[in-house]
Amino acid sequence: MSLACGIPLLECVYCLACARWAWKRCLHSAGHDSETWGLASADEFAPVPRLCRYILANYEDDLENPRFPPPGGYRMNARQVLAQKTYKDTGGHVPPYLVYLDHDHSDIVLAVRGLNLAKESDFAVLLDNRLGKRKFDGGYVHNGLLKAAGWVLDRECDLLKELLDKYPNYALTFAGHSLGSGVAAMLAMLVVLNRGKLGIENKKRIRCYAIAPARCMSLNLAVRYADVINSVVLQDDFLPRTATPLEDIFKSLFCLPCLLCLRCMRDTCIPEYVKLRDPRRLYAPGRLYHIVERKVCRWGRHPPVVRTGVPVDGRFEHIVLSCNATSDHALIWIEREAQRAFGLMLEKEPIMEIPPKQRMERQQTLAREHSAEHKAALRRAVTLAVPDAYSPSDYGTFDENLSSSTEGSPSSSGTRHRMSWDELIEKLFEKDEAGHMVLRKAASSDES
């Protein structure tokens, strides 16, 4: 009798929890995620539209005769594309990518395309992970994306080193969209940790732009590498907000209602601080740029505004109930809105008309502001008890004069040993009977 009386009570609690979750989701808009962030400047946002076009170029077979050019074209010199790899070239280990020597912007760009729904190999990279499977540099990362990044570096290391030696004033930029954004972020981490192998003395030469980023690294790493990695999110994009691992979503495709019910109860009952203290939970990497172009209860698109910040809590944690959640993930739309936003920035602050000396001073001021914001985010991560988070004085990520010869040795502050380039390749790859390098099977979770 008592059990029968308790069933209606449980049903009421469940219904109230679902109603509370639905109410919070209906009132939550994408603008709330970044409402406390500052506005991005034209100088720092300028590379985004250009890199979006370089990523789109991976979809073309012949850049001199493009079939699907964005408005205004790709604005690339096809002769400066030094390498362009297709699925046939990569063997499905990584999505197609290209290496572009951009003389106009003194940049060496490696751009990786996004997920191809028709390719099983892309899903194999995506699904090669589970919660807490791969430890790396004091945190957790997506196992399949790290392997894909290692495969790319093994093939392109000599080319990148040759270009960096030939053009010492050029930056090395990794860019990617969707699945490729995770590969680009992993590439940036690997090169930062082993920059001596590429002859890079100053870490400022390395940067990464993750367009519509996948959640690929733990919170301590996402904040720590915010001075190198930049993530760009268009309005309601679902991928940076999908806290449930993507491999679980695809595996649960035929039981999606059950998964949503469990997510509903979990989001309602688990406090925010508990999520922050889970070291295995993955997040969108680095500094975030949020393009906001729509407002609540208003029709149509408004002039886009770009906000930026290095948040620790509230880092795109809630899915937005929007009919644009998937369309905002499309690279063609991101490129278009990013170009519009950049054009509006130039109207307000025409950087091309500023004298070179004053422009350099503004860039230096912006760099100091970003550095201060980054250090504040690191201290806040320590305050919120984020696992394996360190204050800026506890490790050498801000020491730009650090000798590359110490990259593979333990630092004086007591941080853990960082693998050398050869050790990393040895862990990720092995030789087959014919002497070719092939990926090893998934490593155990205690490897770091």
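The values are calculated or read from the model by the stated rules, or taken from the named source; none is laboratory data. In this text, all values refer to a predicted model and were calculated from it rather than measured experimentally. No Cβ is skipped: glycine too gets one built from the backbone with ideal geometry, and neighbour counts run over all protein chains shown. In case anyone asks, the SASA skips ligands and DNA or RNA and just uses the protein heavy atoms, side chains included. Shrake-Rupley method; radii C 1.70, N 1.55, O 1.52, S 1.80 Å.
Computed quantities for the displayed model
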item	result
Inter-label distance, nm, simple model (7 Å from Cα along the C-beta direction), Lys375/Asp278	3.3 nm
Label point distance in nm, Thr383-Gln363, each placed 7 Å from Cα along Cα→Cβ	3.3 nm
Relative packing of peptides 131-138, 227-234 - highest average C-beta neighbours within 10 Å first	227-234, 131-138
Linear extension gain, Leu10 paired with Leu346, 0.36 nm per residue minus alpha-carbon span	115.2 nm
Linear extension gain, His105 paired with Gln80, 0.36 nm per residue minus alpha-carbon span	7.7 nm
Solvent exposure of region 151-207 as accessible area per residue, Å², 1.4 Å probe	32 Å²
Sequence-distant residues sharing a close amide H with Asp128 (under 5 Å, placed H)	Gly144
Stokes-Einstein D for region 130-230, Kirkwood Rh over Cα pairs, 25 °C, 0.890 mPa s (µm²/s)	179 µm²/s
Region 273-352: trypsin sites (Lys or Arg not before Pro) in DSSP coil with no more than 16 other Cβ atoms inside 10 Å	Arg277, Arg280, Lys295, Arg298, Arg301
Cross-link pairs beyond the 27 Å C-alpha cut-off, checked among Lys88/Lys204; Lys85/Lys133; Lys135/Lys203; Lys203/Lys348; Lys135/Lys166; Lys119/Lys197	Lys88/Lys204; Lys85/Lys133; Lys203/Lys348; Lys135/Lys166; Lys119/Lys197
